[in-house]
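Remarks on the structure that follows.
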Amino acid sequence: MTARRLGEDFASTIWAHGESDPAEDRYFAIDEEVLLELNELSEADKQKLLVVIGKAIAASCTIARSVGGSIELNKSINAVPLHD
């Protein structure tokens, strides 16, 4: 779906940052961040793509299904928060 809009060779970076307590050896929060080059898209097309990607992440994110409800989990694309 992303390749259809950005081309087969689109660049992306995916980060997972965590907030942890070494004494308890566990994470309390994870921020998942997707970075995409979207300069070629119109503002309307950017917004549509963010919605489509957000829905795909909500439907298939194994991290969310594994830890959802037990820690804070934030997701964003290019600093735009995604809401479930």
message: Return the pair list, or none, for Cβ contacts closer than 7 Å from residues in the stretch 1-28 that are touching a residue at least 24 places away in the same chain (Cβ under 8 Å) and part of a helix (DSSP H, G or I) to residues that are open to solvent by less than 100 Å² (accessible area, probe 1.4 Å) and among the basic types (Lys, Arg), at least 6 apart or on different chains.
response: none
query: Applying the selection to the stretch 53-84, what residues are touching a helix residue (DSSP H, G or I) at 6+ places or on another chain (Cβ under 8 Å), more than 11 Å from Glu32 (Cα to Cα) and in a helix (DSSP H, G or I)?
result: Ile53, Ala58
query: Within the stretch 29-47, which residues are out of contact with any Cys (no Cβ under 8 Å at 6 or more places or on another chain), under 24 Å from Leu6 (Cβ atoms) and in contact (Cβ under 8 Å) with a residue 12 or more places away in the chain?
result: Asp31, Glu33, Val34, Leu35, Leu36, Glu37, Leu38, Glu40, Leu41, Asp45
statement: (1) open to solvent by 80 Å² or more (accessible area, probe 1.4 Å); (2) closer than 18 Å to Leu73 by Cα; (3) aliphatic (A, V, I, L, M) all hold for Ala23 apart from (2)
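Would you please name the residue that is farthest from Met1 (Cα to Cα), looking only at residues in the stretch 59-76 that are open to solvent by 60 Å² or more (accessible area, probe 1.4 Å) and of a type in the set (A, V, I, L, M)? Walk me through it before giving the result.
Filtering the stretch 59-76 down to residues open to solvent by 60 Å² or more (accessible area, probe 1.4 Å) leaves 59-60, 62-63, 65-66, 69-70, 72, 74.
Cutting the leftovers down to of a type in the set (A, V, I, L, M) gives us 59, 63.
Numbers: Ala59: 14, Ile63: 21 Å.
Checked the stretch 59-76; the qualifying residue farthest from Met1 (Cα to Cα) is Ile63.
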- line: Across the stretch 1-16, the tally of residues that are open to solvent by 80 Å² or more (accessible area, probe 1.4 Å) and not β-branched (Val, Ile, Thr) stands at 6
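Just give me the residues in the stretch 35-52 being of a type in the set (Asp, Glu) and either under 15 Å from the mean Cα position of the chain (by Cα) or part of a helix (DSSP H, G or I) (or both), in sequence order.
Quick first cut of the stretch 35-52, residues of a type in the set (Asp, Glu) only: 37, 40, 43, 45.
Passing the criteria: Glu37, Glu43, Asp45.
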message: So the check is Cβ under 9 Å with 6+ separation or different chains; which pairs have a first residue in the stretch 68-84 that's within 13 Å of Tyr27 (Cα to Cα) and a second one that's among the basic types (Lys, Arg) and open to solvent by 60 Å² or more (accessible area, probe 1.4 Å)?
response: Ile71/Arg26
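The values are calculated or read from the model by the stated rules, or taken from the named source; none is laboratory data. No experiment lies behind these values; they were computed from the predicted model shown. We place every Cβ from the backbone using ideal geometry, glycine too, and count neighbours over all the protein chains shown. Note: areas computed on protein heavy atoms with side chains; ligands, DNA, RNA excluded. Shrake-Rupley method; radii C 1.70, N 1.55, O 1.52, S 1.80 Å.
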